[in-house]
Amino acid sequence: MLPTTRRANGWGSAPDVFGFRREMQDLLDAVGYGRAAEGNVVWSPPINVREDGEQVTVEAELPGVRPDDVDISVENGMLTISGEKRAEQEKKEANWHVVERRYGRFERSFTLARSVDVENIHATFDDGVLRITLPKREEAKPRRIRVDVGRSASEQR
């Protein structure tokens, strides 16, 4: 019988028929659910990034991740979010039928625009959503220029 579900510790004990495991692992790697070199499952949390005139906001869905297991760093114009979602303790006598929740290490990196004020970045974690606010420098914020009507440049002086 071919494996039809992914177990927390990899594929079950089913034989690798026609390279099925390798093909499935390649597919899972392509969608952000792969294996690190040391054999731990890695995953990539979904991210939203939005920008307005005042700031850039990055939101990462991290359900089941403890805030203490998340690291945020800025170095050389790169914002990096990394951490780990720990699997619940498995009981030896349990027979897992379906395991779709992802566990393991994750890391996402983003190049920051020069307009971001890296000294005033702020992060919050609420209901499994990490929200990082990256304010723009004052000189990078849009500003409105008033246009005088009916006066020449020499009259304005």
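Listing for the model above:
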quantity: Output for the range 122-140, where each listed residue is hydrophobic (A, V, I, L, M, F, W, C) and either farther than 17 Å from ASP68 by Cβ or in contact with a Pro (Cβ under 7 Å, 6 or more places away or on another chain) (or both); calculated: PHE125, LEU134, ALA140
quantity: From the options ILE121, ILE72, ILE132, ILE81, residue that is within 15 Å of SER44 (Cβ to Cβ) and either of a type outside the set (Gly, Ala, Ser) or touching a Gly at 6+ places or on another chain (Cβ under 8 Å) (or both); calculated: ILE81
quantity: Selection count where residues are of a type outside the set (Asp, Glu), touching a helix residue (DSSP H, G or I) at 6+ places or on another chain (Cβ under 9 Å) and free of Cβ contacts under 8 Å to residues at least 60 places away in the same chain, scope the range 102-122; calculated: 4
quantity: Qualifying positions in the range 41-90 - aliphatic (A, V, I, L, M) and loosely packed, with under 12 Cβ neighbours inside 10 Å; calculated: MET78
quantity: Test result for ALA113, at pLDDT 75 or above, within 20 Å of PRO67 (Cβ to Cβ) and of a type outside the set (D, E, K, R); calculated: no
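Residues are listed down the side, and each one gets a yes or a no for (1) modelled with pLDDT of 90 or more; (2) in contact with a strand residue (DSSP E or B) (Cβ under 9 Å, 6 or more places away or on another chain); (3) of a type in the set (D, E, K, R); (4) part of a strand (DSSP E or B):
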position: ARG108; (1), (2), (3), (4): yes, yes, yes, yes
position: THR124; (1), (2), (3), (4): yes, yes, no, yes
position: ARG131; (1), (2), (3), (4): yes, yes, yes, yes
position: LEU134; (1), (2), (3), (4): yes, yes, no, yes
position: ILE145; (1), (2), (3), (4): no, no, no, no
position: GLY150; (1), (2), (3), (4): no, no, no, no
position: SER154; (1), (2), (3), (4): no, no, no, no
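The values are calculated or read from the model by the stated rules, or taken from the named source; none is laboratory data. Since the structure is predicted, the reported quantities are computational estimates derived from the model, not experimental observations. With ideal geometry, Cβ positions are generated from the backbone for all residues, glycine too; neighbour counts draw on all protein chains shown.
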